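Report on the structure given below.
The numbers here are math on the coordinates, done by the rules we state, and not lab data. None of these values were measured; they are calculated from a predicted model. In this analysis, Cβ positions are derived from the backbone assuming ideal geometry, glycine residues included, and neighbour counts consider all displayed protein chains.
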Number of protein chains: 2
Amino acid sequence: MVDPASDSPACSIQRSLEILGDRWTILIMRDAFRGIRRFDDLRRDLGIARPVLADRLKNLVEAGVLERRRYCEHPPRDEYRLTPMGAALSPTLVALMRWGDEWLSDDGPPTTLIHEACGEPLDQAFVCWHCNETFGSGDIASRPGHLTTTRGPE
Amino acid sequence: MVDPASDSPACSIQRSLEILGDRWTILIMRDAFRGIRRFDDLRRDLGIARPVLADRLKNLVEAGVLERRRYCEHPPRDEYRLTPMGAALSPTLVALMRWGDEWLSDDGPPTTLIHEACGEPLDQAFVCWHCNETFGSGDIASRPGHLTTTRGPE
DNA sequence: CGACTTGGTTCGTCAGGCGAACTCACTCTA
DNA sequence: TAGAGTGAGTTCGCCTGACGAACCAAGTCG
């Protein structure tokens with residue numbers, strides 16, 4: 001906030017959180033991934049207040065993460081669908097879910113994600129296509145656009 | 001979806017968000033990854049109000065994500081460090097950062113994460129150790145603990 | 001001593017989240 | 001054709017919680 005050039009606008013995490021960073025939005029996106037698309041279904045599933053849900057959906061549509069589509073003409077009914085930009089959030093949601101699975105669930109994961117082709121549990125990893133290997137967060141460094149080079153997550 | 005007992009407490013994303021899901025906490029964790037550990041440094045960097053930062057740090061310590069450690073005795077100074085549980089958030093933060101890089105930055109990523117061993121940009125992918133291959137979000141299904149099997153993120 | 005730094009707490013204000021009630025367009029039942 | 005029901009909101013008034021400002025305490029420096 002003080003340093004002008006450094007992080008306020010130049011951090012992608014912060015930019016992402018300007019769209020996703022309130023108590024409801026990520027849960028709305030989770031439901032969108034789960035196929036819940038209609039206003040009242042979202043409201044019931046989340047237990048969110050109507051005005052708040054209306055506001056969040058409007059913001060998400062404006063941000064380009066959801067798309068409002070008419071799926072029925074006769075009673076005019078719209079649904080909210082993931083755009084490609086919204087669908088690209090899946091690694092984030094999966095990472096969040098796996099963190100909760102590992103650190104917050106007493107009796108094993110409530111839901112296990114599996115590789116559809118074989119039915120075995122999946123993992124999420126960092127990949128270097130140059131070295132052609134996967135690695136953990138200990139081997140990450142960062143190369144800033146216009147900052148000095150520092151270590152990334154330790 | 002329908003099942004009442006199913007998702008409210010049983011969704012790991014929701015559990016994670018009970019710890020991380022307000023406007024500041026993820027930014028605090030980002031700064032923790034960046035090596036910002038002291039109260040006033042965090043306050044200055046984030047532009048957060050003092051009482052709010054004190055409250056968030058207390059909650060994060062209670063949740064086991066940060067650890068408060070005395071690093072100087074003479075003027076008694078504490079710092080907040082990532083616990084293993086906190087460090088395990090790196091895939092989540094990286095995913096969020098990469099999403100912002102891809103969809104919200106006009107002029108290329110502000111910061112690029114690289115594979116420390118070779119200096120090339122890294123990727124993040126889903127891995128199946130059974131099939132020994134990486135794949136995208138299109139090949140994910142989910143096997144719930146006590147729900148019917150449904151598709152995961154599409 | 002007095003100024004300064006770090007790491008808070010207390011306080012009063014004000015924006016924003018909440019449930020309840022209302023609206024509107026449409027459909028279904030009788 | 002009247003009345004109930006549903007989906008998708010908007011309006012309203014209350015109350016929590018985020019905010020900046022001020023205050024506090026422990027220690028250090030000059």
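What to note about this one:
- Relative to the other identical copies, B:GLY138 shows label-point distances of 3.6 nm, where the label point lies 7 Å from Cα along the Cβ direction and values run shortest first.
- Distances between copies of A:PRO84, taken at a point 7 Å out from Cα along the Cα→Cβ vector and listed shortest first: 4.1 nm.
- Summarising the label geometry, the points placed 7 Å from Cα in the beta-carbon direction at B:GLU116 and A:ASN132 lie 2.5 nm from one another.
- Taking each DSSP H run with n ≥ 4 as -39500 (n - 2.57) and averaging over every residue of the protein assembly as shown yields -11000 deg cm²/dmol at 222 nm.
- Exposed-loop-free span, longest in chain B, where trypsin sites (Lys or Arg not before Pro) count as exposed if DSSP calls them loop and at most 14 other C-beta atoms lie within 10 Å: B:39-154
- Remark on B:THR83: its backbone amide H falls under 5 Å from those of B:LEU66, B:GLU67, a criterion applied only to residues 5 or more positions apart or on other chains, H modelled at 1.01 Å from N.
- Its relative contact order, with pairs defined as Cα atoms under 8 Å and 6+ residues apart, puts chain B at 12 percent.
- Net lengthening on full extension, B:ARG23/B:ARG70 (0.36 nm per residue, minus Cα-Cα): 14.2 nm
- Shape call, chain A: gyration tensor on alpha carbons, a/c limit 1.5: oblate
- Counting beta carbons within 10 Å around each of A:GLU67, A:GLU62 and listing the fewest first gives the order A:GLU62, A:GLU67.
- DSSP H segments from chain A that extend 15 Å or more along their own axis, Cα-based, with Kyte-Doolittle mean of -0.5 or above: A:50-63, A:90-104
- Among chain B residues, the one whose Cβ is nearest the axis of the rotation from B to A, given with its distance rounded to whole Å, is B:ALA95, 2.
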